[in-house]
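In what follows, a structure is listed as structure tokens, so that the remarks can point back to it.
Where a number appears in this text, it was derived from the coordinates with a stated rule and is not lab data. Note that the structure is predicted; figures quoted are calculated from it, not measured. Heads up, the Cβs are rebuilt from the backbone with ideal geometry, glycines too, and the neighbour counts pull from every protein chain shown.
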Amino acid sequence: MKAKLTLLLVLVVATVAILSGCGNNNSGGNTGGNTAGENAGEASNGGGADQVFRMNLSSEPPTLDPALMQDQVSSTVMSGLFEGLTRMENGEAVNAMAEDIQVSEDGLKYTFKIRPDAKWSNGDAVTAHDFEYSWKRTLDPNLNPPAPYAYQLYYIKNAEEYNTGKGATVDQVGVKAIDDSTLEVELKNPTPYFKSLLSFYTYYPVNKAVVSANPAWAAEAATYVSNGPFKLESWSHSDSIDLVPFENYYGKADIKLSKVHFVMISDANTESNMYDTEELDWSGKPTGSIPVEQLAMLIQDKNPELVSQPQASTYYYNFNNTKKPFNNVKVRKALAMAIDRKAIVEKVTKGNEIPAYGFVPPGIHGVNGDFRDEVTTEYFKEDPAEAKKLLAEGLAEEGMTAMPEFELSYNEGGLHKPVAEAIADMWNKNLGITVKTQTVEWKVFLQNRTSLAYDVARAGWGADYNDPMTYIDMWITGGGNNDTGFSNAEYDKLVKDAYATSDQQARVDAMAKAEQILIGDNMAIMPIFYSSVNTLVKPYVKNVTIDYKGDIDYTRAYIEK
Amino acid sequence: MFRYVLRKSVNIVLSLFVLATATFFLMKAIPGDPFMQEKNVPAAVRENLIRYYGFDKPLWHQYLIYLKNLLQLDLGMSMRQQYQSVVDIISRSFKYSMQLGLVAIVVSVVVGIAVGLIAALYNRKLIDRLIMLFATIGIAVPNFVLATLAQYYFANKLRWFHVAGLHGPMDYVLPTLALSVLPIAFIARLTRSTMIEVLSADYIRTAKAKGLGSLTILIRHALRNGLLPVVSYVGPMTANIITGSVVVESIFGIAGLGKFFTDSVSNRDYTLIMGITLFYAAILMFSRFITDIAYALIDPRIKISKKGG
């Protein structure tokens, strides 16, 4: 009996030892894991007048390598770590790594002078060769793994041809370092917004020597090399990231923060509690969230810490233009005219969204000001009686007597379900039709949408760059994001015309006409509302800005208590 | 004994193989893939990705490649977390889940048995009824409700603890509470009911008649038999708790393993789905294995070597 008990004890001890062995071995090899404790300590008592800014990313960034990035969590971190040839300041592209930019008459050739005091965090100088290497690396069809956002570089001559393996070699791609400080770029089409594109993360440089020697350079803080206002101090995977100012940044005089602390909290209520207890200085978009019930209350109470602004992003429904009866324009128009968008934003979403009657949202440049101010949105009017008439006509044209029951599908999460239910209810009330609302798992939903296996499906589109084109060229025939089957020869031509010219008035006119065809004439999709950015900001946080598309800039922020 | 261990081990390996096969084909049968996003990537870029990950090969071929790597204990790289290996992701998150889990298990077992024992000794008295009332509540209240309330009250309102994170000893209190209330309630009920039965058994009366002290009787005779059902519950519970709870880890912002059970599937991070499934299964089987042996050691009626399995 004693022997048995001893054996039992040994067994328990051995089990614990084996299990903890698994853990300890790894913490030894992984510096990221070890820093977790120290960081939290600093963060929790760093709430004083220290220049520390703390926000929530909600999840681990999938990558911190400019070539592999495609999401907002990564870009939120990277906007502190990297800097392109230009950077955005108050909505304008200003010179950053480039100290001078020359553009040819026809708008096709750009010559950049790299600033001589630009440095990498390992001490190397940032050269034109780094830019050439970085862009060509992103375009490499055999990169490990290939860059999903490579197409953001397709404005460059032969970039698409090289990336897709259709005819161009790497040497034919229109980017070339003439010497250490001179970079020449040739474009495919004149692109008036190219200077602001250069601030986008796919256009960041990488350190040629570091990256070519170690493909996994961006996986850990220890091997990470960047050129922006901050450098990566620690990356405790799935837990936290800390940035500290880069001492050799050319503009370090403007950098006031001593640390940026990112946490990765997936639960909105936890984020909210952390904001209450001053463990976070910022809550909500772009990478966090404010619980839905709480947001409505904050807006109602006019809470002074709540900052609300429009976001260049449109929430809309896709009609399957290839499926009966949604192939009929009158049916599509009837559905679009039979809902009350004002009621949806005021009673359902309740987050200061704006009812949408066009596709291009406010905040996108037109000729002199905002495209949405310059171009009418009277493509259609909400009118249930007229809608009912159109529906009957449309169904008759399709040889149908009544609207068949159909499915309105949306993915889980956010306000998709309440919005869908409200709309289904309005359709039922105003048109007397039955709609089945259906939650679909995210990837299944995307698969269905791409393969046109739906009737009506939720969709959303945010800007990639500040030009209406980011909303217009997606609807060309066979476009990669045209998940509706919409196809219109005149539309395709207008997009081509707009590509070919650098005359902004002509471009805007063409794109306005295209939008008229998309919404006014065809109602290929049904706009619902333009999104908003809602954030909670502690009053002592100064100079953190959110741009037109909802991206945050904390690089010039400071704390004033 | 040795033959038993050998046989069990072979069983575990075979089960893992069957599980790997089933998971691989089921996972590939779900629509969608790791590259799908709200914004579609162009078809040509997509092809580059599909070729890189070998998804253009026939399914059986992909399966054989996976098996070959698995035999070399290579679980591959995550398809979502770039340049992070599945082994790294699992081991560093398991560290958090396990540290928290072990604390929760010790608390559950100690408190659960103690409370159950008290209830049994005061059978049908007020204290017994109170304990059982709390145990019923503990089983009925879901842990996310408890976790949310505890976080709001103790961390946000009273500021006794950090809201989230697992960086100091105090940070263990709230998540441990959330994790262990259910097992405590369960163990308490189990202990109570078996102890009531055991305490009225003949051999206990004999022991009393022999004039042994009540504490000796309780510990050396009663508890030994009374704990058998608890042991069989603690095994699988251990596997569950140390591999992390999705809910508790997400509420308390713990960088543990829990969230990957759902996240890996919703991201279609194939290599991580496989890795995490196999890891969980291995832990579960291992803990059952340990339970079986422990059971035999405690219960004089079971003799593994003779039973042969």
Response to the item:
Contour minus Cα-Cα span, residue A:490 to residue A:376, at 0.36 nm per residue, comes to 39.1 nm
Fill in: Sparse-neighbourhood loop sites, GluC sites (Glu not before Pro) in the stretch A:219-263 - DSSP loop, at most 13 other Cβ within 10 angstrom
A:247
Worksheet, complete the sentence: Given Cβ charges of +1 for Lys and Arg and -1 for Asp and Glu, the option among B:296, B:154, B:221 whose Cα lies farthest towards the positive end of the dipole of the stretch B:95-298 is B:221
Worksheet, complete the sentence: Simple SL model, points at 7 angstrom along Cα→Cβ for residue A:302 and residue A:104; separation in nm is 5.7
Item to complete: Enumerate the helices in chain A for which the Kyte-Doolittle hydropathy averages 0.5 or more and the C-alpha atoms extend at least 24 Å along the helix's axis, using complete DSSP H runs.
Response: A:2-29
Item to complete: Give me the lysines in straight-line cross-link reach of residue B:57: C-alpha distance below 17 Å, same-chain residues under 8 apart excluded.
Response: B:28, B:68
Discussion item. Sort A:183, A:536, B:199, B:71 by Cβ crowding within 10 Å, fewest neighbours at the top.
Written reply: B:71, B:199, A:536, A:183
Discussion item. Which one, A:168, A:194, A:147, is farthest towards the positive end of the dipole of the stretch A:109-214 when Lys and Arg carry +1 and Asp and Glu -1 on their Cβ?
Written reply: A:194
Fill in: Charge dipole of the protein assembly as shown about the Cα centre (unit charges at C-beta), most positive-ward option of A:232, B:44, B:29
B:29
Item to complete: Give me the angle, in degrees from 0 to 90, between the Cα long axis of helix B:173-199 and the longest principal axis of the Cα atoms of chain B, rounded to the nearest 10.
Response: 40
Practice prompt. Round to a whole angstrom and tell me the spacing of the C-alpha centers of the stretch A:205-247 and the stretch B:18-63.
Written response: 30
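Treating only the Cβ of Lys, Arg, Asp and Glu as charged (+1, +1, -1, -1), what charge dipole size does the stretch A:368-497 show about its Cα centre? Round to the nearest 20 debye. Write out the running numbers ahead of the final one.
On the way: 12 positive and 24 negative charges, 86 e Å.
Using Cβ point charges on Lys, Arg, Asp and Glu, the stretch A:368-497 gives about 420 debye.
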Worksheet item: Once you sort the root eigenvalues of the Cα gyration tensor of the stretch A:63-222 as a ≥ b ≥ c, which label holds: rounded (a/c under 1.5), prolate (a/b larger than b/c) or oblate (the other case)?
Response: rounded
Worksheet, complete the sentence: Taking the alpha-carbon centre of each part, the distance from the stretch B:197-224 to the stretch B:98-169 in Å is 30
Discussion item. Please enumerate, by chain and number, the aspartates and glutamates with C-alpha under 15 Å from the C-alpha of residue A:323, excluding those fewer than 8 residues away in the same chain.
Written reply: A:397, A:398, A:405, A:407, A:455, A:483
Item to complete: At a Cα cut-off below 23 Å, give the lysines reachable from residue A:176, other chains included and same-chain residues fewer than 8 away excluded.
Response: A:109, A:113, A:119, A:136, A:157, A:166, A:188, A:195, A:208
Worksheet item: So, with +1 on the Cβ of K and R and -1 on the Cβ of D and E, and no other charges, what is the size of the charge dipole of the stretch A:309-533 about its Cα centre, to the nearest 20 debye?
Response: 540
Discussion item. What's the magnitude of the charge dipole for chain A around its Cα centre, counting Lys and Arg as +1 and Asp and Glu as -1 at the beta-carbon? Answer in Debye, nearest 20.
Written reply: 1060
Practice prompt. List the residues whose amide H sits under 5 Å from the amide H of residue A:285, counting only those 5 or more places along or on another chain, with H placed 1.01 Å from N in the peptide plane.
Written response: A:290, A:534
Item to complete: Could you let me know the centre-to-centre spacing of the stretch A:60-78 and the stretch A:101-154, using Cα atoms, in angstrom?
Response: 17
Worksheet item: What does the convex hull of the Cα atoms of chain A come to per residue, in Å³, rounded to a whole number?
Response: 200
Discussion item. For chain B, place one equal point scatterer on every Cα, skip the solvent, and apply the Debye formula. What is log10 of I(q)/I(0) at q = 0.09, 0.12 Å⁻¹?
Written reply: -0.62, -0.96
Worksheet item: Which whole number gives the average, over all residues in A:145-153, of C-beta atoms from other chains lying within 10 Å of the residue C-beta?
Response: 6
